[in-house]
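Novice: A single structure is presented below for examination.
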Amino acid sequence: MLDSLKDSVRKFLTGSNVYEKSVEDFIKDLQKALISADVQVKLVAQLTERIRSRLREERPPSAIERREWFIKVVYDELSALFGGDVRPFVNPPKLPYVIMLVGVQGSGKTTSAGKLALFYKRRGYKVFLVGADTYRPAALEQLTQIGRQIGVPVYGEPDSKDPVAVSSKGKERALRERAEVVIIDTAGRHGYGEEQQLLEEMKSISNAVSPDEVILVMDASIGQKAFDLASKFNQATKIGSILLTKLDGTAKGGGALSAIAATGAIIKFVGTGEKVEDLEIFNSRRFVSRILG
Ligand code: GDP
């Protein structure tokens, strides 16, 4: 806990400095740690201001409880940014439930579609996958293979160039087969400069299938660019939640903070590896430990 700040925490707890000075020294170190974890500068400022005023106003309790109190204040404020201690609600609030995955190519959308399918299947739902990434021929193949591996049907049209039609037909088929959770994998390939086209396409698919939830899949290493990306996607189709991938890598994922601020969406899931079972429900405390670890 607070590993990267071990020294500053120790200084704070045992320091012979006047209390105000200890708070300021600690805040400075905390800011450095957050910025190096890719957290947006503006958020760092807001957050540290809240922590500063709590540390000053509440004052430490007895020496024995001081460490717990201190860590609690820092953790409370940090995890509040990620949705607090509330565990994200992941069970579908209605059935059938249509989830549309959006995100740029390489973020891990197709892999995550498979992971989510297995996740809901294990929770007892009848799941159906739709492969609407008609730009990357290998995507449907990849999804079909994952579907076979986890025993979930996959709808796709290998020769189609019309992702909107594939999504609609896929949803219809899923409902005919009485699927309870339908997961639609969309395209992300539109390179730089063609973003607008991608966003228009997301809008058209969304209008055609009326998803119950749109999940933005984002690579944790995207850093500050997350803000921009999430805002753009959010304008095209209201982002309900975020699935942050590749948290097993070196990226600390601090950029996701900025995305949350931009969209008001919450992080529901995190991807922690390449395997189909490498998916976890987001836990804000664990994430805070990672950012500061
Ligand atoms: P898409 O283009 O968004 O559909 O991305 P893919 O699903 O094809 O994933 C791109 C690459 O990222 C693949 O090599 C995946 O195995 C990998 N990947 C996806 N999610 C994770 C994750 O959580 N951790 C790691 N380490 N790799 C991931």
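The values are calculated or read from the model by the stated rules, or taken from the named source; none is laboratory data. These numbers were taken from a predicted model, which means no experiment stands behind them. Every residue, glycine as well, gets a Cβ built from its backbone with ideal geometry; the counts of neighbours run over all protein chains shown.
Novice: Could you tell me whether any residue of region 61-81 is modelled with pLDDT of 95 or more and aromatic (Phe, Trp, Tyr)?
Specialist: no
Novice: To continue, here is another question. Kindly provide the set of residues from region 126-143 that are more than 9 Å from the ligand (Cβ to nearest atom), farther than 14 Å from Asp159 by Cβ and not aliphatic (A, V, I, L, M), ordered by number.
Specialist: Step one: of region 126-143, the residues more than 9 Å from the ligand (Cβ to nearest atom) are 126-132, 134-135, 137, 140-141.
Retained after the next criterion (residues that are farther than 14 Å from Asp159 by Cβ): 126-130.
Of everything in region 126-143, those that are more than 9 Å from the ligand (Cβ to nearest atom), farther than 14 Å from Asp159 by Cβ and not aliphatic (A, V, I, L, M) turn out to be Lys126, Phe128.
Novice: Continuing with this model, one more query. Those residues that are more than 22 Å from Val130 (Cα to Cα) and either part of a strand (DSSP E or B) or in contact with a Leu (Cβ under 8 Å, 6 or more places away or on another chain) (or both), I need them from region 204-225; list them, please.
Specialist: Ala220, Ile222
Novice: Got a sec? Which of Ile215, Ile184 is more than 18 Å from Thr144 (Cα to Cα), within 15 Å of the ligand (Cβ to nearest atom) and within 22 Å of the chain's Cα centre (by Cα)?
Specialist: Within the list Ile215, Ile184, the selection yields Ile215.
Condition check ((1) acidic (Asp, Glu); (2) farther than 14 Å from Glu213 by Cβ) across all residues:
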{"position": "Arg87", "(1), (2)": "no, yes"}
{"position": "Pro92", "(1), (2)": "no, no"}
{"position": "Tyr97", "(1), (2)": "no, no"}
{"position": "Thr110", "(1), (2)": "no, yes"}
{"position": "Gly114", "(1), (2)": "no, yes"}
{"position": "Asp133", "(1), (2)": "yes, yes"}
{"position": "Gly147", "(1), (2)": "no, yes"}
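Novice: Give the residue, chosen from Lys121, Lys115, Lys161, Lys109, that is charged (D, E, K, R) and over 30 Å from Glu194 (Cα atoms).
Specialist: One residue alone meets the criteria, Lys121.
Novice: Of the residues Glu172, Glu201, Glu157, which is in a helix (DSSP H, G or I) and surrounded by fewer than 19 Cβ atoms within 10 Å (Cβ to Cβ)?
Specialist: Glu172 is the lone residue from the list that is in a helix (DSSP H, G or I) and surrounded by fewer than 19 Cβ atoms within 10 Å (Cβ to Cβ).
Novice: Among the residues of region 144-159 satisfying the criterion of being over 17 Å from Tyr120 (Cα atoms) and charged (D, E, K, R), which is nearest to the ligand (Cβ to nearest atom)?
Specialist: Step by step, filter region 144-159, then rank; the result is Glu157.
Novice: Still on this structure: Kindly list the number of the only condition in (1) more than 21 Å from Ala179 (Cα to Cα); (2) crowded, with 19+ Cβ neighbours inside 10 Å that fails for Arg66.
Specialist: Status for Arg66: all satisfied but (2).
Novice: Name the single residue that is surrounded by the fewest Cβ atoms within 10 Å (Cβ to Cβ) among those in region 92-118 being hydrophobic (A, V, I, L, M, F, W, C) and part of a loop (DSSP other than H, G, I, E, B).
Specialist: This residue is Leu95.
Novice: Regarding region 182-195, can at least one residue be identified that is touching a residue at least 40 places away in the same chain (Cβ under 8 Å), on the phi < 0 side of the Ramachandran plot, of a type in the set (Val, Ile, Thr) and out of contact with any Leu (no Cβ under 9 Å at 6 or more places or on another chain)?
Specialist: Scanning region 182-195, I find no residue that is touching a residue at least 40 places away in the same chain (Cβ under 8 Å), on the phi < 0 side of the Ramachandran plot, of a type in the set (Val, Ile, Thr) and out of contact with any Leu (no Cβ under 9 Å at 6 or more places or on another chain), so the answer is no.
Novice: Also, I was wondering about something else. Just a yes or no: is a residue in region 160-172 of a type in the set (Asp, Glu) and either more than 16 Å from the ligand (Cβ to nearest atom) or within 13 Å of Asp133 (Cβ to Cβ) (or both)?
Specialist: There is at least one residue in region 160-172 that is of a type in the set (Asp, Glu) and either more than 16 Å from the ligand (Cβ to nearest atom) or within 13 Å of Asp133 (Cβ to Cβ) (or both).
Novice: Something else about it: Which of the residues spanning region 255-293 are among the aliphatic types (A, V, I, L, M) and either modelled with pLDDT under 85 or assigned to a helix (DSSP H, G or I) (or both)?
Specialist: Residues of region 255-293 among the aliphatic types (A, V, I, L, M): 256-257, 259-262, 265-267, 270, 276, 279, 281, 288, 291-292.
Within region 255-293, Ala256, Leu257, Ala259, Ile260, Ala261, Ala262, Ala265, Ile266, Val288, Ile291, Leu292 meet the criteria.
Novice: Further question on the same structure: Filter region 269-287 down to residues that are within 11 Å of the ligand (Cβ to nearest atom) and of a type in the set (A, V, I, L, M, F, W, C) and give me whichever is farthest from Ala37 (Cα to Cα).
Specialist: Ranking the candidates gives Val276 first.
Novice: In addition: Just give me the residues in region 124-152 being closer than 21 Å to Arg176 by Cα and basic (Lys, Arg), in sequence order.
Specialist: Residues satisfying the conditions are Lys126, Arg148.
Novice: Confirm whether Lys121 is within 16 Å of the ligand (Cβ to nearest atom) and either over 30 Å from Glu49 (Cα atoms) or surrounded by fewer than 22 Cβ atoms within 10 Å (Cβ to Cβ) (or both). Before you say what the answer is, go through the steps one by one.
Specialist: Working: within 16 Å of the ligand (Cβ to nearest atom): no; either over 30 Å from Glu49 (Cα atoms) or surrounded by fewer than 22 Cβ atoms within 10 Å (Cβ to Cβ) (or both): yes.
The answer is no for Lys121.
Novice: Can I ask one more? From the list Ala165, Ala179, pick out the single residue that is part of a helix (DSSP H, G or I), modelled with pLDDT of 95 or more, at negative phi and of a type in the set (A, V, I, L, M). Reasoning before the result, please.
Specialist: Working: Ala179 fails: part of a helix (DSSP H, G or I).
Result: Ala165 is the single residue among Ala165, Ala179 that is part of a helix (DSSP H, G or I), modelled with pLDDT of 95 or more, at negative phi and of a type in the set (A, V, I, L, M).
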